[in-house]
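Have a look at the structure below before the remarks.
The values are calculated or read from the model by the stated rules, or taken from the named source; none is laboratory data. Given the structure is predicted, the values throughout are model-derived calculations rather than measurements. Here the Cβ positions follow ideal geometry from the backbone for every residue, glycine too, while neighbour counts run over all protein chains shown. Remember, those area values only see protein heavy atoms, side chains included, never the ligands or the DNA or RNA. Shrake-Rupley method; radii C 1.70, N 1.55, O 1.52, S 1.80 Å.
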Amino acid sequence: MSLLDYFRSSKKNTASTAKERLQIIVAHERKRRNGPDYLPQLERDILEVIRKYVDIPADQIAVSLEQRGDQISVLELNVTFPDDKR
Amino acid sequence: MAKIIVVTSGKGGVGKTTSSAAIGTGLALAGHKTVIVDFDIGLRNLDLIMGCERRVVYDFVNVINGEANLKQTLIKDKRTENLFILPASQTRDKDALTREGVEKVLNELAKDFDFIICDSPAGIESGAMMALYFADEAVVVTNPEVSSVRDSDRILGMLSSKSRRAEQGLEGIKEHLLLTRYNPERVEKGEMLSVEDVKEILAIELVGVIPESQAVLNASNSGQPVILDKDSDAGQAYLDTIKRLLGEQVPFRFLNVEKKGFMKRIFGG
């Protein structure tokens, strides 16, 4: 990079944006990949039920299945409610 | 025992065939009897990159169907000792490759060769799955760009669940990251993902970094694997990659911008 470029550039670093976006989507897709096939449908169904009572956006719910040891799997459900509806 | 290496990526146009040609040629140059198999049925291109397109008589599907034997079908490379090419068929029949057929051909090749390089088609359809199914090792070709990295991660998932080794509960496929079209200048400017970024996201061992290079187009124009262009940066980077594939420790080159003179630093260029 030349000295003139240095003064001219005030753009933000796109490579770090790319890295952040990739880290999020890759982590998300890996979770999907390792989980059972019914997980996305289960997530949608649970979302529908909750939406009957509270209006929450689709990305405010996360369902994951975690393997703990050989015997136990734990279904974890995370729902973020909007502030005013609490 | 032959080692089967799949060259794969998920995304198209990242340099799978260029890399297959370079890796196959490099292994043969190192004295290993090597065959490169084009799995891109319907879109045969390895022959062009290897410069043997006018010598194709029979193809992979002919061998599977018993219409020709391997001896008639394999094309012996004219420049490099120990190197052979098995061209893909041009058929539009997507199901021309059967798992049994592929297994039969690979088993027969394994008797004769040290390395079998499987040049995978893009995507995650049956051709790509067939190319990776029997692999012992995988070279995952990735560009420092979001869609390529994401697709590579997808393919890594397939390697660990949809391969013969996974299905039979054997030791997993050994995965190698090959970063291609790397541009250190843009990395320095913060415009391109760095080697470290991609390594961190995909979390597999790095086998090579090939710089974005004019030598690659020149090589494909003339049907000559770029690894034979030993004066070029890309050619040298592939030679280093081969050494690492064979277990040697080689420092990485071409990762940093060449130092410019004082005037260039001031005025750019």
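State whether one or more residues within region B:97-111 are modelled with pLDDT of 95 or more, part of a strand (DSSP E or B) and open to solvent by less than 50 Å² (accessible area, probe 1.4 Å).
no
Which numbered condition in (1) within 14 Å of another protein chain (Cβ to nearest Cβ); (2) modelled with pLDDT under 95 is the only one that B:Leu202 fails?
The failed condition is (2).
Could you check B:Thr241 against (1) touching a residue at least 40 places away in the same chain (Cβ under 8 Å); (2) under 20 Å from A:Leu22 (Cβ atoms); (3) not in a loop (DSSP other than H, G, I, E, B) and say which number it fails?
Of the numbered conditions (1) touching a residue at least 40 places away in the same chain (Cβ under 8 Å); (2) under 20 Å from A:Leu22 (Cβ atoms); (3) not in a loop (DSSP other than H, G, I, E, B), the odd one out for B:Thr241 is (2).
Could you tell me which residue of region A:21-46 is nearest to the chain's Cα centre (by Cα), considering only residues that are within 8 Å of another protein chain (Cβ to nearest Cβ) and open to solvent by less than 100 Å² (accessible area, probe 1.4 Å)?
The first filter runs over region A:21-46 and keeps only residues within 8 Å of another protein chain (Cβ to nearest Cβ), leaving A:21-23, A:25-26, A:29-30, A:33.
Next, only the ones that are open to solvent by less than 100 Å² (accessible area, probe 1.4 Å) stay: A:22-23, A:25-26, A:29-30, A:33.
Values: A:Leu22: 12, A:Gln23: 11, A:Ile25: 7, A:Val26: 10, A:Glu29: 9, A:Arg30: 11, A:Arg33: 14 Å.
Checked region A:21-46; the qualifying residue nearest to the chain's Cα centre (by Cα) is A:Ile25.
Residues that are touching a Lys or Arg at 6+ places or on another chain (Cβ under 7 Å) and part of a strand (DSSP E or B): does region B:13-22 have at least one?
Of all residues in region B:13-22, those touching a Lys or Arg at 6+ places or on another chain (Cβ under 7 Å) come to B:15.
Next cut, part of a strand (DSSP E or B) only: none.
No; the residues of region B:13-22 include none that is touching a Lys or Arg at 6+ places or on another chain (Cβ under 7 Å) and part of a strand (DSSP E or B).
Out of everything in region B:123-162 that is of a type in the set (Val, Ile, Thr) and buried (at least 24 other Cβ atoms within 10 Å of the Cβ), what residue ends up being farthest from the chain's Cα centre (by Cα)?
The qualifying residue farthest from the chain's Cα centre (by Cα) is B:Val149.
Being among the small types (Gly, Ala, Ser) and over 16 Å from the mean Cα position of the chain (by Cα) is the filter here; which residues of region B:1-58 pass it?
Residues of region B:1-58 among the small types (Gly, Ala, Ser): B:2, B:9-10, B:12-13, B:15, B:19-22, B:24, B:26, B:28, B:30-31, B:42, B:51.
Answer for region B:1-58, where residues must be among the small types (Gly, Ala, Ser) and over 16 Å from the mean Cα position of the chain (by Cα): B:Ala2, B:Ala30, B:Gly31, B:Gly42, B:Gly51.
Need a quick list: helices (runs of 4 or more DSSP H) entirely within region B:134-192 having at least 1 residues that are within 12 Å of chain A (Cβ to nearest Cβ) and under 25 Å from B:Ser213 (Cβ atoms).
On the way: elements: B:146-161, B:164-167, B:184-188.
Those helices (runs of 4 or more DSSP H) span B:146-161, B:184-188.
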